[in-house]
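Report on one structure; see the data block that follows.
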Amino acid sequence: MAPAHPPPHIAVANHKGGVAKTSTTAGLAAAAAEAGHRVLVVDMDSQYNATRRLRAALPADPADRAAASLAGVLQSPARGEAARIVTPCGWGGIYSEHIDVCPSDLDLELLGLTAGLPGAERRLLRALAGVVDAYDLVLIDCPPALLSHLVDNAWTASDYILIPCEGEFEAVHGARRVVERVARDRENLNPDLEILGIIPTRFRSTLSVHRTRLQDMEKLVGPDGVCPVKFPELAVMKTATENALPLTHPRCGSEGRNMAALFRDAYAWARKRISHNQESNA
Ligand SMILES: Nc1ncnc2c1ncn2[C@@H]1O[C@H](COP(=O)(O)OP(=O)(O)OP(=O)(O)O)[C@@H](O)[C@H]1O
Ligand SMILES: [Mg+2]
């Protein structure tokens, strides 16, 4: 049975680049779809990688493309205006039936130019109002940034932050900066924002540095805050990324199916954390 509304809004974030934020967003969206949940993926990165990987169709002409993306919507959005750009995932089958995308575009970067306008950090929240009611989960893919207007918009619209993190110093340091910023700015930005936890990514258990950094992750968010599923560094992730395919696609083979199963486990862990949090706040 699908979970009750309103859907949890999860920002997938780490100040460090390349730690698998977008891969985690796509993998969790697929896992949710496989569970029969309806998912809205909001691409708040002007690199538009989530948009590409989920094969959200956009107009070819650059100006039309920008207008049909969050770059066009977020300049001065009416309440619920994101509805006009919602585009189904192009993977087909259950994925297209369950996953929608609010696509991004290069011009989203320009949003920062108007960051000083009153209430500007609430533009995404406003654009999504009501639109999210049709979903069981909202995933917001964040850029590798911290004190940025796009991040402010993403976090203002979110209930939780989920932090993909490699087992290396700079990635854990990036995760720490996320945790510290939430603690520092929560009252100004979003008093309800919670750290949902850390997902260890690109993990190699044979490397002692990765095992050590895993302990650092536990110190940062507590042992329960680190997802017990550690995503191994596997070539199939490149196949999925290069070709914008779900991990269950035949081209991703058994390695892809195994990775998709890990995303289902990680999604179950995240939902359990959310339910636990909702019960403790009730
Ligand atoms: N478990 C994995 N094993 C191998 N490669 C991986 C794994 N997870 C992600 N990758 C690869 O790492 C690269 C970066 O991943 P991704 O784009 O998801 O990171 P990101 O944090 O979203 O990056 P950015 O900061 O640029 O937004 C991609 O080429 C992706 O295919
Ligand atoms: Mg990314």
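Within the set 107, 141, the sole residue that is of a type in the set (Asp, Glu), over 19 Å from residue 23 (Cβ atoms) and in contact (Cβ under 8 Å) with a residue 40 or more places away in the chain turns out to be 107. Can you pull out every residue in the range 232-282 that is of a type in the set (Asp, Glu) and surrounded by 12 or more Cβ atoms within 10 Å (Cβ to Cβ)? 233, 255, 265, listed by residue number.
Within the range 123-176, the residues that satisfy the criterion of being part of a loop (DSSP other than H, G, I, E, B) and away from ligand 2 (no atom under 13 Å from the Cβ) are 129, 130, 135, 136, 146, 147, 148, 157, 158, 159, 167, 168. Just one residue in the set 79, 65, 53 is within 16 Å of ligand 2 (Cβ to nearest atom), basic (Lys, Arg) and out of contact with any strand residue (DSSP E or B) (no Cβ under 6 Å at 6 or more places or on another chain); that residue is 53. Of the helices (runs of 4 or more DSSP H) lying entirely inside the range 18-104, those carrying at least 2 residues that are away from ligand 1 (no atom under 16 Å from the Cβ) and farther than 26 Å from residue 230 by Cβ are 62-67, 70-73, 93-98. Only residues that are more than 9 Å from ligand 2 (Cβ to nearest atom), touching a residue at least 24 places away in the same chain (Cβ under 8 Å) and assigned to a loop (DSSP other than H, G, I, E, B) were counted across the range 1-17, and they come to 10.
Given the criteria under 17 Å from the mean Cα position of the chain (by Cα) and more than 23 Å from residue 241 (Cα to Cα), does residue 148 qualify? Judged against the criteria, residue 148 is a match.
Is it the case that residue 194 is more than 11 Å from ligand 1 (Cβ to nearest atom), in contact (Cβ under 8 Å) with a residue 24 or more places away in the chain and touching a helix residue (DSSP H, G or I) at 6+ places or on another chain (Cβ under 9 Å)? Yes; evaluated as a whole, the condition is true for this residue. Whenever a residue of the range 206-231 is surrounded by 13 or more Cβ atoms within 10 Å (Cβ to Cβ) and part of a loop (DSSP other than H, G, I, E, B), its partners that are modelled with pLDDT under 95 and not hydrophobic (A, V, I, L, M, F, W, C), lying with C-beta atoms within less than 8 angstrom and at least six residues away or across chains, give the pairs 230/205. Whether any residue in the range 104-112 is within 22 Å of the chain's Cα centre (by Cα), surrounded by fewer than 20 Cβ atoms within 10 Å (Cβ to Cβ), modelled with pLDDT of 95 or more and of a type in the set (S, T, N, Q) is what I want to check. No, that holds for no residue.
The values are calculated or read from the model by the stated rules, or taken from the named source; none is laboratory data. Bear in mind that the values here come from a model prediction, so they are computed numbers and not experimental data. Neighbour counts are summed over all protein chains in view; Cβ atoms, including those assigned to glycine, are modelled from backbone coordinates with ideal geometry.
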